[in-house]
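To start, the structure under review is shown below, and the notes come after it.
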Amino acid sequence: MTEARTAERPPAPRERPRGISGTRSLDVLAGLLIITVAVRPLLGGVLAHPAVQAWATVFVSLVIQAVPFLVLGVVISAAISTLVPPSFFARALPRRPVLAVPVAGAAGIVLPGCECGSVPIAGGLIARGVSPAAAFAFLLSAPAINPVVLIATAVAFPGRPGVVLARFAASLFTSVVMGWVWLRLGRSDWLRRPRRPELGDLRRWEAFRVSARHDFVHAGGFLVVGGMTAATLNVTVPRGVLDSVGGNLLLSVVVLGTLAVVLAICSEADAFVAASLTAFPTTAQLAFMVVGPAVDVKLFALQAGTFGRRFALRFAPATFVVALCCALAVGAVLL
């Protein structure tokens, strides 16, 4: 009888393990805020230092300008994952991945946003069965060739439509080439498939809410890490070095491309920074605008958090090289 009663009992629900994976993000945030308030009186002199204030300014500005676009990307990613039927992508993209890559790259023109929002969108596309190569082409093109970015570039470089055309062409070429590179050389064990929350039998809009909340909490943490890294590098780069390399085209392209990685400026604003770097040739300014939306420190953190560190450590350096080569080639023709 005892064995029968035991067998009839429903299994006890498994407790979620505590620790890093079980700690809620709000608990961590509350703990950090409490610690910050507690130690602030002890760090008054340090916090008043100009370098610390510059770091805080850069960090806050990066996060504030990125969060709205991250939210946009999260919303679109959740909509892709929960509201758009999988058959849509089968109809919208060519079946052959080698053809799907340029189509996905060209599709980036229709979605205003920045690189922070493109990462969760690419993750949502892969989760819906889109080829990773096509999703990565879209990831790189969307923040660089959308109408908002192109209009901002035209405003930053008035009377110079060649710069706008060069940015569009170099960024599109970068996205397509990287899609084809991943298609040819990428390995599945380098890529961690984006994890989606278990939605079960939830209604569509409830599933949308759960998915959006999951993506925002996940990607937002890595955005903060990337923003902290960008701010640290931003205040430590010696400005005098920049003035000494403007006369060498190849060196200036590499320097401004590296600076774009370090500064991690949102793609809607980087054209104005590039236009202010008048000591450098126009092709170097183009490299700054092509590299920034494709690879920077906060984007690297977002990619590592979404697709895994093994992916980011390979994809980011390759993207940097391809972006510089495309900027040099397009600049030689159009500028």
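The values are calculated or read from the model by the stated rules, or taken from the named source; none is laboratory data. This is a predicted model, so every value here is computed, not measured. FYI the Cβ positions are ideal-geometry reconstructions off the backbone, even for glycines, and counts take in every protein chain you see.
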Q: Look at the range 270-309 and say how many of its residues are more than 10 Å from the chain's Cα centre (by Cα) and not in a helix (DSSP H, G or I).
A: 6
(Q) So, in the range 99-117, exactly how many residues are assigned to a helix (DSSP H, G or I), at pLDDT below 80 and out of contact with any Lys or Arg (no Cβ under 9 Å at 6 or more places or on another chain)? (A) 2
Q) How about the range 277-305: which of its residues are buried (at least 24 other Cβ atoms within 10 Å of the Cβ), among the β-branched types (Val, Ile, Thr) and either touching a strand residue (DSSP E or B) at 6+ places or on another chain (Cβ under 9 Å) or in contact (Cβ under 8 Å) with a residue 60 or more places away in the chain (or both)? A) 290
Q. Taking only pairs six or more apart or across chains, which ones have beta-carbon atoms under 9 Å, a first residue in the range 173-184 that is in contact (Cβ under 8 Å) with a residue 40 or more places away in the chain and surrounded by 18 or more Cβ atoms within 10 Å (Cβ to Cβ), and a second residue that is not hydrophobic (A, V, I, L, M, F, W, C) and not in a helix (DSSP H, G or I)?
A. 179/131; 183/131
Q) What helices (runs of 4 or more DSSP H) completely inside the range 134-253 contain at least 2 residues that are modelled with pLDDT of 95 or more and over 23 Å from residue 78 (Cβ atoms)? A) 161-185
Q: Please work out if residue 125 is buried (at least 18 other Cβ atoms within 10 Å of the Cβ) and either part of a helix (DSSP H, G or I) or modelled with pLDDT of 75 or more (or both).
A: yes
